[in-house]
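Each remark here refers to the structure printed beneath this line.
Each value in this text was obtained by applying a stated rule to the coordinates, not by laboratory testing. Worth saying up front: this structure is predicted, and the values here are computed from it rather than measured. Quick reminder, even Gly has a Cβ in these numbers, built from the backbone with ideal geometry, and neighbours come from all protein chains shown.
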Amino acid sequence: MDNLKDRFLQVSYVLLCLVWFLVAAGFIAYAFGFFPGFDIQKFLSGRAGILLLYGLGALSAFVGFYFLRKGIVAFRLYRTFVHESDLGDIHISYFAVKELTREILKNDLELSTFRTKLSDSTDGVGIEVNAKVGSKADIGALGERVQEILRKEIHERTGLKVGRVDFYTRGVESLEEKKSEEEPEKEETNEIKLEGDNDENQR
């Protein structure tokens, strides 16, 4: 049913485009003097001319909506990663993979300050991580751990093949900065002591 609907829409838009091109060709021919005895101003001011202008506006709107729809579909396909299975293709949103990457970096790798960038390449999903590391961290070992865990976890959870995983250190995070980000400030509570009752009991 969906294929039939798409085919009907495609045929309709093609016919509308053909009508639009024929009308445009008529105006161009008139501009070059192929219809010397035709008074176009009188025609456009009449009922038939007004209907023609409305029709041209409607045709333009329909054709514009068609290309807008095609553009939205193309953008959605561009912003998805495709996992090919035996039963068909599985399209996974770019933002879903990005959120999953963020969750792994935060929970499994305990990184608190980072930025990620994803790309689609021939060897799989490319991941770029820019992170701040602790002042006492072994940056080389941490980078290899990030690469191994991201490649393993994303493949297991989505089925997508992960290609390059590039890790960039964009700063060193001090212990005080990390502590202030991980531990929210405690609210100060003032204890209110009612001394009137104690005074009465002492009498």
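Just a few scattered comments:
- For the listed peptides 19-25, 139-145, a ranking on the average number of other beta carbons within 10 Å per residue, highest first, reads 139-145, 19-25.
- Using Cβ point charges alone (K and R +1, D and E -1), the dipole size of segment 92-182 about the Cα centre works out to roughly 160 debye.
- Coil-residue GluC sites (Glu not before Pro) of segment 45-134, DSSP, other Cβ within 10 Å capped at 12: Glu110
- Only the Cβ atoms of Lys and Arg (+1) and of Asp and Glu (-1) were treated as charged; on that basis the dipole of segment 1-152 about its Cα centre amounts to roughly 640 debye.
- Convex hull volume per residue in cubic angstrom - Cα atoms of segment 92-182: 85
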